[in-house]
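Below is one structure, written out as structure tokens; the observations come after it.
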Amino acid sequence: MTKKINLFANLKSDFASGLVVFLVALPLCLGIAMASGAPLFSGIISGIIGGIVVGFLSKSHLSVSGPAAGLTAIVLTAITDLGAFDIFLTAVFLAGIIQLILGFIKAGSISNYFPTNVIEGMLAGIGVIIFLKQIPHAFGYDKDYEGDLAFVQRDYENTFSELFQVIGHIQLGSVIITLISLSILIAWTKVSFLKNIKLVPAALIAVIISIVINEFFIISESSLAIKSDHLVSLPVPNSFDEFKSIFILPDFAAILNPNVWMIGLTIAIVASIETLLCVEAADRMDVQKRYTDTNVELKAQGLGNIFSALLGGLPMTSVVVRTTANNTAGAKSKMSTIIHGLLLLISVLAIPTLLNKIPLATLAAVLLMIGYKLANPKTVLHFWEKGKYQFIPFIATLLAVVFTDLLKGVALGMIISIVFVLKGNMQRAYKFRKEEFHDGDVIHIDLAQEVSFLNKAAIKSTLNDIPENSKVIINASETVYIAHDVLDLIKEFKKITSKEQNIKVKLVGFKKAYGLVETGEEEKHVFVEHKK
């Protein structure tokens, strides 16, 4: 059941998390714009629209949108081929229109077919990339731009060779800033009285202290002083005319150019797939296990890209790095995303000079923590213990994401997962029965002999549509195989959703190994009743 969202219900925690996402997003917006061969402010505009417009329209509670590293190669090639940035903006505008159409024809539903082990492999792979890519920045070697997730870099180095390049380019002041920042970030998670400070996030404290320390280094003319090329580099307009020049309008005269349409279609498809993957990952992160309407998300992204194009911004997607930062910082609702967009807007207008004092080493420390949490070794061990049919797609996705890119990694994981399903049972049938839902009726859900992750969409939709105060019987008496994804859905429905909506759940025929039946619970005869 869809519930109304009170944006101000968790303002305290959402403001703190929005502040953290803002600090992470600022250098990423600039870095991705630079890598795309676009004006630097186009990345900021995309981040602002992604935060405020998409954040408001989206139904996702955690995902954060903005310019994406996965689109840099497409954008760079497109701007070069079209010859002008304003013509490229027309392609972005068309991409937004196409995404709107995809939302209306319900193309977002394909996200339900991404298996959990592939999504988790994608997240872990991105975590490894973030961690490795931030090590040079932590040592003060900032040759590669912030936000680069590609294994092969534009300077012909790769993720691993870049690490060796750090030797001989270590900036001691940056190392000191990194160590102090990491100490603050870790202390905020370990020291009890610091953990209770919700309004002021650890990342902000680390940023403020790093600015103060570096200013002391500069005033004292110390060799430890961090120079401008190792600080955030936000363009500062010196006049109103310079400010107006930031906003570039699309050249709609180019709308008849077939290349513009082809680029628009390419951006729409790639951006939509990346968004659906990120939103699915965001739903996996959500401790409240709320599900996002992905068709609404595509419409929100489409409108976001339309507005971004009209103001001179880059194309956007929902972005894993920012979404993870949002979740890690304790976001409760999409208000956090909106706040991050507002802070981007206010800061670039009011305090660009102050922002340019932030050392990249501090932001590297924040991203190192995020990367570690995404690629936590416990996650690898978890899927190892699940057996080869869960582990192989997971680890293949992880490695492919690290050594190629997000889309290729997920594609490989999907192919392996599908091969395993087909190999297990070439004629696996899925039988599903549901009755008309009326308040107080008993609803029967009968699982077939084989239930794979391909059945996830139908089961998720059914569980989500069950009304409050209902009685549900989920029968697995005839089932010999249930995919890990489907078990997760049923477990989350039983332990979280049913409690919130006063739904009585009766599980019939589930094996104890599935971990759905608690000790002492009579699995075949007792309703699990939750009172509001």
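The values are calculated or read from the model by the stated rules, or taken from the named source; none is laboratory data. The structure displayed is predicted, hence computed values, not measured ones. FYI the Cβ positions are ideal-geometry reconstructions off the backbone, even for glycines, and counts take in every protein chain you see. Note: accessible area is taken over every heavy atom of the protein model, side chains too, but ligands, DNA and RNA are not part of it. Shrake-Rupley method; radii C 1.70, N 1.55, O 1.52, S 1.80 Å.
I need the full set of residues from segment 344-364 which are within 19 Å of the chain's Cα centre (by Cα) and either without any contact (Cβ under 8 Å) to a residue 24 or more places away in the chain or closer than 19 Å to TYR145 by Cα (or both), in order please.
LEU363, ALA364
Residue by residue, here is whether (1) closer than 23 Å to GLY47 by Cα; (2) in contact with an Asp or Glu (Cβ under 7 Å, 6 or more places away or on another chain) holds:
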{"site": "LEU249", "(1), (2)": "yes, yes"}
{"site": "LEU256", "(1), (2)": "no, no"}
{"site": "MET262", "(1), (2)": "no, no"}
{"site": "THR266", "(1), (2)": "yes, no"}
{"site": "GLU274", "(1), (2)": "yes, no"}
{"site": "GLU280", "(1), (2)": "yes, no"}
{"site": "GLU297", "(1), (2)": "yes, no"}
{"site": "GLN301", "(1), (2)": "yes, no"}
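Checking VAL64 against (1) within 23 Å of the chain's Cα centre (by Cα); (2) hydrophobic (A, V, I, L, M, F, W, C); (3) open to solvent by 20 Å² or more (accessible area, probe 1.4 Å), which test does it fail?
If we test VAL64 against (1) within 23 Å of the chain's Cα centre (by Cα); (2) hydrophobic (A, V, I, L, M, F, W, C); (3) open to solvent by 20 Å² or more (accessible area, probe 1.4 Å), just (3) comes out false.
Considering only segment 474-486, state which residues are open to solvent by 20 Å² or more (accessible area, probe 1.4 Å) and under 28 Å from the mean Cα position of the chain (by Cα).
Filtering segment 474-486 down to residues open to solvent by 20 Å² or more (accessible area, probe 1.4 Å) leaves 475, 477-478, 480-481, 484.
Answer for segment 474-486, where residues must be open to solvent by 20 Å² or more (accessible area, probe 1.4 Å) and under 28 Å from the mean Cα position of the chain (by Cα): just HIS484.
Any idea which of (1) open to solvent by 10 Å² or more (accessible area, probe 1.4 Å); (2) within 29 Å of PHE403 (Cβ to Cβ); (3) out of contact with any strand residue (DSSP E or B) (no Cβ under 6 Å at 6 or more places or on another chain) is the one ALA95 doesn't satisfy?
For ALA95, the exception is condition (1).
Return the pair list, or none, for Cβ contacts closer than 8 Å from residues in segment 94-121 that are touching a residue at least 40 places away in the same chain (Cβ under 8 Å) to residues that are outside any helix (DSSP H, G or I), at least 6 apart or on different chains.
ALA95/PRO315; GLY108/ASP293; PRO115/ALA483; ASN117/LYS386
Quick one: count up the residues across segment 178-218 that are at pLDDT below 95 and of a type in the set (Asp, Glu).
Within segment 178-218, residues that are at pLDDT below 95 and of a type in the set (Asp, Glu) number 0.
Among all residue pairs at least 6 apart or on different chains, which show Cβ distances below 8 Å where the first residue, located in segment 478-503, is in contact (Cβ under 8 Å) with a residue 40 or more places away in the chain and the second is among the aromatic types (Phe, Trp, Tyr) and part of a helix (DSSP H, G or I)?
Close Cβ pairs satisfying both conditions: ALA483/PHE453; HIS484/PHE453; ASP485/PHE453.
For segment 108-115, state whether one or more residues are under 20 Å from GLN301 (Cα atoms), of a type in the set (A, V, I, L, M, F, W, C) and in a helix (DSSP H, G or I).
Yes, some residue in segment 108-115 is under 20 Å from GLN301 (Cα atoms), of a type in the set (A, V, I, L, M, F, W, C) and in a helix (DSSP H, G or I).
Suppose we filter segment 110-122 for residues that are under 15 Å from THR379 (Cβ atoms) and either of a type in the set (Ser, Thr, Tyr) or open to solvent by 10 Å² or more (accessible area, probe 1.4 Å) (or both); how many remain?
Number satisfying all stated conditions: 2.
What helices (runs of 4 or more DSSP H), lying completely within segment 346-395, carry at least 1 residues that are touching a Ser or Thr at 6+ places or on another chain (Cβ under 8 Å), under 30 Å from HIS484 (Cα atoms) and open to solvent by 70 Å² or more (accessible area, probe 1.4 Å)?
Helices (runs of 4 or more DSSP H) meeting the threshold: 360-374.
Among VAL200, VAL207, VAL232, which is the only one that is open to solvent by 40 Å² or more (accessible area, probe 1.4 Å) and hydrophobic (A, V, I, L, M, F, W, C)? Steps first, answer last, please.
Details: VAL207 fails: open to solvent by 40 Å² or more (accessible area, probe 1.4 Å); VAL232 fails: open to solvent by 40 Å² or more (accessible area, probe 1.4 Å).
Result of the check over VAL200, VAL207, VAL232: VAL200.
Do you know which of the residues in segment 244-302 that are over 27 Å from the mean Cα position of the chain (by Cα) and part of a loop (DSSP other than H, G, I, E, B) is surrounded by the most Cβ atoms within 10 Å (Cβ to Cβ)?
Looking only at segment 244-302, we keep the residues that are over 27 Å from the mean Cα position of the chain (by Cα), and these are 244-261.
Retained after the next criterion (residues that are part of a loop (DSSP other than H, G, I, E, B)): 245-251, 257.
Working: SER245: 13, ILE246: 17, PHE247: 13, ILE248: 21, LEU249: 12, PRO250: 23, ASP251: 17, ASN257: 15.
In this case the residue turns out to be PRO250.
When both residues are 6+ apart or on different chains and their Cβ atoms are under 9 Å apart, which pairs have a first residue that lies in segment 35-56 and is within 22 Å of VAL279 (Cβ to Cβ) and open to solvent by 10 Å² or more (accessible area, probe 1.4 Å), and a second that is β-branched (Val, Ile, Thr) and at pLDDT 95 or above?
That search, which allows pairs on different chains as well, returns ILE52/THR337; ILE52/ILE338; PHE56/THR337; PHE56/ILE338.
Any idea which of (1) under 22 Å from SER111 (Cα atoms); (2) exposed (fewer than 14 other Cβ atoms within 10 Å of the Cβ); (3) at pLDDT 80 or above; (4) not polar (S, T, N, Q) is the one VAL451 doesn't satisfy?
Looking at each condition in turn, VAL451 falls short on (2).
Can you find a residue that is outside any helix (DSSP H, G or I) and within 30 Å of SER181 (Cβ to Cβ) anywhere in segment 67-74?
Looking through segment 67-74, at least one residue is outside any helix (DSSP H, G or I) and within 30 Å of SER181 (Cβ to Cβ).
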